[in-house]
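The values are calculated or read from the model by the stated rules, or taken from the named source; none is laboratory data. Owing to the predicted nature of the structure, the values given are computational and were not obtained by experimental measurement. Ideal geometry is used to build each Cβ from the backbone, glycine not excepted, and the neighbour counts take in all protein chains shown. Ligands, DNA and RNA are excluded from the accessible area calculation, which covers all protein heavy atoms including side chains. Shrake-Rupley method; radii C 1.70, N 1.55, O 1.52, S 1.80 Å.
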Amino acid sequence: MSSLSPSPWLSSPPCSRSADPPSARPTAPPGPGPGAAPRPAYLPAARHMRLVLCLAPLLLAGGWAVANRPVMYEGIRRLVAADPGWLLAGAGFTCLNCVAAACVRQGALPDRVPPGLLLASQFAAGAANHALPGGLGAHAVTLRFLRGRGVPPARATASIGLYSLAKSSAKTVVLLVFMASSPAWRRLGDLVPDGRMVVPVVCVAGGVVTVAGVLLTVVRPLRRPVAGLLRSALADAREVHGRPCRVIALWGGAAAMPLVQGSTLACVGASLGLGLPWQHVVLAYLAAGTAVGAVPAPGGFAVDAALVWTLVTFGSAPAVATATVIGYRVLTDWVPLLPGTLLLSALIRAKVL
């Protein structure tokens, strides 16, 4: 008789028992309850990034103030002895410049955006211009604001292009009107660049246009988005100019901006005893900005130097003209810098930007 083989029921352990001791069993981490939503792992990183974005404008403003201590001291010292009434009027014109900029932004866009938030974004955009040159800071803040309001990227970018075009075109028209109505422009003949300066400017402009044309012709991946952006810009421009309210906001605000900025300069000059009429001060502001814009030079310093020169040409004393330009920069750039950065940080924290 053969030996009995072990039964399979005896060789395998019961299902209710485990081969490992209770201490060796792997324990799963306690998960959220049935009704609790899982917390994303990137929440702390996003919170730290938001804090950095909120503090970055304040750090930039503080660094800029430390780097420009002598200029700030001289401007504040000159303004202490100025007439506070005229300075208050200049501050009012500075605020009106933000209102005019908001009107142009809305006029360049077919979609309607909240006017209060748009005005706040333009005030904060002035502080962002100190971080990026050439108006890129204001355009970046505006683009971020429009994207947050649900405007498509192509339409938001096209509105910025139309804003820049309307602003430069209206400023040229206002300059021509002032030159036609006042014979004082004949004193500014030396401010116009001579032939030796015009040739490099024309060569640089022609080279930029040529390189852009070659890139659009050769690089196909670049041609399609640019063509789509141009089509969107033309369609939006036609739609905007089909609405009278948008036309008034676009071109009226663009024409008001240089007049408001020139009026701010005139108020600062009146507070310091500049002794020039309003028409001459505004014409000096328009001529200096237009002439220096055609010369490849650092924008802020070149415009200030040309502005001092034009005021002296119209009959002002050099010391008073210099103090007027310094006071203008203090009133339009330095004084709004701190509240502008605080507002920019608040808009970032409120997720408006």
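Taking amide H atoms as placed 1.01 Å from N in the peptide plane, the amide H of Leu274 has no partner under 5 Å among residues 5 or more positions away or on other chains.
The alpha carbons of the range 97-156 stretch over 28, 23, 16 Å along the principal axes, in descending order. Using the Karplus relation 6.51 cos²θ - 1.76 cosθ + 1.60 with θ = phi - 60°, the per-residue 3J(HN,Hα) values for the range 102-115 come to 5, 5, 5, 4, 5, x, 7, 10, x, 6, 8, 10, x, x Hz, with x marking Gly and Pro. Heavy-atom accessible area for Lys351, with the other protein chains in place and a 1.4 Å probe, reaches approximately 140 Å².
Between Arg349 and Val177, what is 0.36 nm times their sequence separation minus the Cα-Cα distance? Round to one decimal in nm.
Values: separation 172, 0.36 × 172 = 61.92 nm, distance 4.43 nm.
Difference between extended and current length: 57.5 nm.
Order 326-336, 310-320 from most to least packed using the mean count of other Cβ atoms within 10 Å.
Working: 326-336: 21.3, 310-320: 17.9.
Going from most to least packed, we get 326-336, 310-320.
According to the square roots a ≥ b ≥ c of the eigenvalues of the Cα gyration tensor, what is the shape class of the range 217-269, taking rounded for a/c under 1.5, prolate for a/b larger than b/c otherwise, and oblate for the remainder? Oblate, since a/c reaches 1.5 and b/c is not below a/b. For Leu338 and Arg220, the FRET efficiency from 1/(1 + (r/R0)^6), where r spans their Cβ atoms and R0 equals 45 Å, is about 0.40. Ranked by the mean number of other Cβ atoms within 10 Å per residue, highest first, peptides 225-232, 93-100, 173-180 order as 93-100, 173-180, 225-232. What the phi angles of the range 137-154 give under the Karplus curve with 6.51, -1.76 and 1.60, with θ = phi - 60°, is a coupling list of x, 5, 5, 5, 5, 5, 4, 5, 5, 5, 5, x, 8, x, 6, x, x, 5 Hz, glycine and proline written as x. Protection proxy ranking of 146-153, 258-265, 105-112, 242-249, by the mean of other Cβ atoms within 10 Å over each peptide's residues and highest first, is 258-265, 105-112, 146-153, 242-249. Average accessible surface for the range 206-353: 48 Å² per residue, computed with a 1.4 Å probe over protein heavy atoms with every protein chain in place.
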